[in-house]
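J.: What follows is a single structure, and I will ask about it in a moment.
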Amino acid sequence: MSPGRSKGSITALLRAWSQGDEKALEQLMPLVYKELRRVASSYLSQERAGHTLQATALINEAFVRLTKQKVEWKNRAHFFGVAAQMMRRVLVDYGRGQKSAKRGGAELKIGIEETEAVQQPRDAEIIALDRALDRLTALDPRQARIVELRYFGGLTIQETAQVLGISVATVKDDWSLAKAWLYREMAES
């Protein structure tokens, strides 16, 4: 299937799923899974070796949350934009759970192959980034959304522009400003 046709098929399936067609969801899953896995793997590749949250678990949890949403899907980019939000929420919830478990607030259940993973330095960074994004949202919601789509969703500049209905130049400018603001904000806290 050609890339253009694949994107068109994804959009058609998303729209059918929006209208309650469960078979469309079954057909959609294999088409979007590879891209979701690429995004999740790319993000998690920045984590330390032995991180207990794997790409498959991140995708599965994000997809479960996506299926619970009642969304009128516009297109492929819209879907991956919402998926980015879900991945961010999963990562933040996971980081908070790990932080809580370290303080004795919850029992951490991991498999034998994961027992090497004792420290979670990136979990605190994810939580700090989430808080900084919340502050950025209050100042400039569009910049915060661009960060979410690019960082958590792995969308390109062009895809981000399409999701938000703005120009590529605006995405590039806002992306640069948002990164600088977040860097400064996180360095201070």
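The values are calculated or read from the model by the stated rules, or taken from the named source; none is laboratory data. Owing to the predicted nature of the structure, the values given are computational and were not obtained by experimental measurement. Cβ coordinates were reconstructed from backbone atoms using ideal geometry, including for glycine residues, and neighbour counts include every protein chain displayed.
J.: Taking the range 133-156 only, how many residues are surrounded by fewer than 21 Cβ atoms within 10 Å (Cβ to Cβ), under 20 Å from residue 37 (Cα atoms) and among the β-branched types (Val, Ile, Thr)?
T.: Number of matching residues: 1.
J.: Can you pull out every residue in the range 168-189 that is among the polar types (S, T, N, Q) and surrounded by fewer than 13 Cβ atoms within 10 Å (Cβ to Cβ)?
T.: If the condition is that a residue be among the polar types (S, T, N, Q) and surrounded by fewer than 13 Cβ atoms within 10 Å (Cβ to Cβ), then 176, 189 are the ones that fit.
J.: Filter the range 58-77 down to the residues that are farther than 13 Å from residue 18 by Cβ and either aliphatic (A, V, I, L, M) or touching a Pro at 6+ places or on another chain (Cβ under 9 Å) (or both), then identify the one that is surrounded by the fewest Cβ atoms within 10 Å (Cβ to Cβ).
T.: 64
J.: Continuing with the same structure: Residues of the range 165-189 being in contact (Cβ under 8 Å) with a residue 24 or more places away in the chain and either in a loop (DSSP other than H, G, I, E, B) or aliphatic (A, V, I, L, M) (or both), which ones?
T.: 166, 171, 177, 178, 182, 186, 189
J.: Can I ask one more? Scan the range 1-37 residue by residue and report those that are among the small types (Gly, Ala, Ser), in a loop (DSSP other than H, G, I, E, B) and at pLDDT 85 or above.
T.: 20, the sole residue that qualifies.
J.: Of 155, 149, which residue is modelled with pLDDT under 85 and hydrophobic (A, V, I, L, M, F, W, C)?
T.: Just a single option satisfies the conditions, and that option is 155.
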